[in-house]
Amino acid sequence: MKAALINGSPKQENSASAVIVDELKSILHEDMRLTEYSFREPVVTMERMREMSECDVWIFAFPLYVDSIPSHLLSCLMQLEDYLTELEDKEITVYTVVNCGFYEARQNAPALDIMKNWCRKCGLIWGIGVGVGGGGMLPMLREIPSGRGPRKRLSRALAELADDIKSRTAAPDLMVKPGIPRFLYKIAAEMGWRQQIKKNGKDVKDLSIMV
Ligand SMILES: Cc1cc2nc3c(=O)[nH]c(=O)nc-3n(C[C@H](O)[C@H](O)[C@H](O)COP(=O)(O)O)c2cc1C
């Protein structure tokens, strides 16, 4: 079975979506022929769309932007929609993992619904949607082995998703809580923001963050 693994984060490095893509890749690579795509620009080439249409499965991983889909990715989805409308005999199943900065994974539900509607419009088969909360901490967990400590919940959910991808099964959305308590996530996020503000030559009060 052939699968396209699509990272929809615009980030070149330190992307939470890349952590998710890498973990899925490590689980799926023995059973599937995987091709990775990075959608950082608002354009998809015809060649890429043609290649992707030869896959049985598309797996998207992207960040939640303003409760929705990042605009560059939305633009790519619209181009794919035009391409797919012309295509006959397509049997592509779509799986989607959306991660967000908020602690609560359910914030991702509207973006997953948009993906479901897009699939219906394009004549694609919807598989499963996964919402991941606390995405901001994922790049920091890179060095922690999958399945361990604060990665445990995410690893368990991705393993479950991978099993369903291999059998091209459809199932209800899966919401993944971060692997640390909410108050710790908040403290870590605020520390990170303070560091970033200083790095950019500004002061904490410039962004009206409570100290
Ligand atoms: C422009 C922009 C809009 C965002 N909107 C939301 C949002 O509505 N809700 C949320 O929980 N996180 C939001 N975030 C946070 C990202 O979803 C979060 O940082 C995510 O982990 C980034 O994933 P990535 O590293 O794969 O790009 C936003 C981030 C940016 C840059």
Any residue in the stretch 181-200 that is under 17 Å from the mean Cα position of the chain (by Cα), under 22 Å from residue 98 (Cβ atoms) and either open to solvent by less than 40 Å² (accessible area, probe 1.4 Å) or not aliphatic (A, V, I, L, M) (or both)? no
Kindly provide the set of residues from the stretch 17-33 that are open to solvent by less than 20 Å² (accessible area, probe 1.4 Å) and out of contact with any Lys or Arg (no Cβ under 9 Å at 6 or more places or on another chain), ordered by number. 20, 21, 24
Return yes when residue 14 is under 19 Å from residue 140 (Cα atoms), in contact with a Pro (Cβ under 7 Å, 6 or more places away or on another chain) and open to solvent by 10 Å² or more (accessible area, probe 1.4 Å) and no when it is not. yes
Of the residues in the stretch 1-39, those that are away from the ligand (no atom under 14 Å from the Cβ) and among the basic types (Lys, Arg) come to 2, 25, 33
So which of 174, 154, 158 is without any contact (Cβ under 8 Å) to a residue 60 or more places away in the chain, in the same structural domain as residue 55 (by TED's automatic domain parsing), under 30 Å from residue 27 (Cα atoms) and surrounded by 12 or more Cβ atoms within 10 Å (Cβ to Cβ)? 174
Restricting attention to the stretch 83-124, which residues are under 26 Å from residue 166 (Cβ atoms), more than 15 Å from the chain's Cα centre (by Cα) and not aliphatic (A, V, I, L, M)? 89, 90, 91, 93, 117, 118, 119, 120, 122, 123
Return the only residue of 63, 70, 42 being within 16 Å of the ligand (Cβ to nearest atom) and surrounded by 22 or more Cβ atoms within 10 Å (Cβ to Cβ). 63
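The values are calculated or read from the model by the stated rules, or taken from the named source; none is laboratory data. Remember, predicted model here, so these are calculated numbers, not experimental data. No Cβ is skipped: glycine too gets one built from the backbone with ideal geometry, and neighbour counts run over all protein chains shown. Each accessible area value is taken on the protein alone, full model and side chains, heavy atoms only, with ligands, DNA and RNA left out. Shrake-Rupley method; radii C 1.70, N 1.55, O 1.52, S 1.80 Å.
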